[in-house]
Amino acid sequence: MYTKVLIAGANSHIASLCIPELKLGNSEVFVVTREQLSSSYKISGRNATNLIIKDYKPVEMLKTLKSFLDLNSEDSLLILNFIGNFGTIDSIEDLDLINFGYQVNENLIPFLLLAKLVINCQDGLFLSFAGAGVGGENLETASPSYLASKAAMAILIEGLDNQYRDQGIRFCAISPGAFPSKMQEMVAQSMNEKVVSPNRREQALRTLESEVNPTKLIEMINFLIQNPESAGGRIWSANFDQPTVDIENKNFGKLRRIF
């Protein structure tokens, strides 16, 4: 289906759980990380072509990525964006606004740069990760920058999908649910009770100690990869949504007021 696949943030914990089980067919696979992967790292039994990017802000970075992928306008590109920076745990009262802006940029600039990349192709799918409880009842307020970033991404997913769907470029996101991660470690270790309650800390500890079962997440990612027309413009929950192309509610998976 896709001539090329780009996996960004491939050394994240969630990525390491999912990547070995992804159905990528005969696509050429490229990996972008902040640190070098081991020489034994493989995707679908193949060695990964790895590019190190520590800073996505330089103006030449889009050109660098196009060159890395040898990208041309006839390519069909799948982008899996695992990049995420939880930032610092802070109350609004104590928030350093300069640091807040920096942390938001650390999430949004890679997101938008990768979006710029996929719209240069004949068609493709940009699949990113939602988080911070955006779209649900339990928002993660411990890190204001992380919450702001994920909220912005959720709206951008729908907006970009609306803008580029007629070009054959689709955008979607997936909420993976709680997994043991650096984010959960930070919450579990925080003693800042202005923003992390004892109950929230205990919840993070339980997540860190729980047995990991990524089956639902992997099934959902593979479904979205194979069904971009159904996937597009929506945030999908790995835990609560059923992978299906038969969607009766046009607002399913979108942030909406409920009347």
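Tally time: how many residues in region 68-104 are touching a residue at least 40 places away in the same chain (Cβ under 8 Å), within 26 Å of Cys18 (Cα to Cα) and not hydrophobic (A, V, I, L, M, F, W, C)? Here the count works out to 7.
Filtered by the rule that a residue be surrounded by 22 or more Cβ atoms within 10 Å (Cβ to Cβ) and closer than 22 Å to Asn99 by Cβ, region 113-133 gives Gly131, Ala132. Only a single item in (1) assigned to a loop (DSSP other than H, G, I, E, B); (2) over 18 Å from the mean Cα position of the chain (by Cα); (3) surrounded by 11 or more Cβ atoms within 10 Å (Cβ to Cβ) is not met by Asn85, and it is number (2). When region 35-49 is filtered for residues that are exposed (fewer than 13 other Cβ atoms within 10 Å of the Cβ) and closer than 25 Å to Pro180 by Cβ, the ones remaining, listed by number, are Glu35, Gln36, Ser38, Ser40. Taken over region 13-44, the residue count meeting the criterion of being polar (S, T, N, Q), in a loop (DSSP other than H, G, I, E, B) and under 20 Å from Met61 (Cα atoms) is 1.
Applying the condition of being among the hydroxyl-bearing types (Ser, Thr, Tyr) and free of Cβ contacts under 8 Å to residues at least 60 places away in the same chain to region 168-227 and asking which residue is farthest from Glu93 (Cα to Cα) yields Thr215.
If the condition is being of a type outside the set (Ser, Thr, Tyr) and over 15 Å from Trp236 (Cα atoms), then region 138-161 contributes Asn138, Leu139, Glu140, Ala142, Pro144, Leu147, Ala148, Ala152, Gly159, Leu160.
Values quoted throughout were computed directly from the atomic coordinates according to the rules given, and no laboratory measurement underlies them. What you see is a predicted model; the values in this text were computed from it and never measured. Glycine gets a Cβ as well: all are built from the backbone with ideal geometry, and neighbour counts include every protein chain shown.
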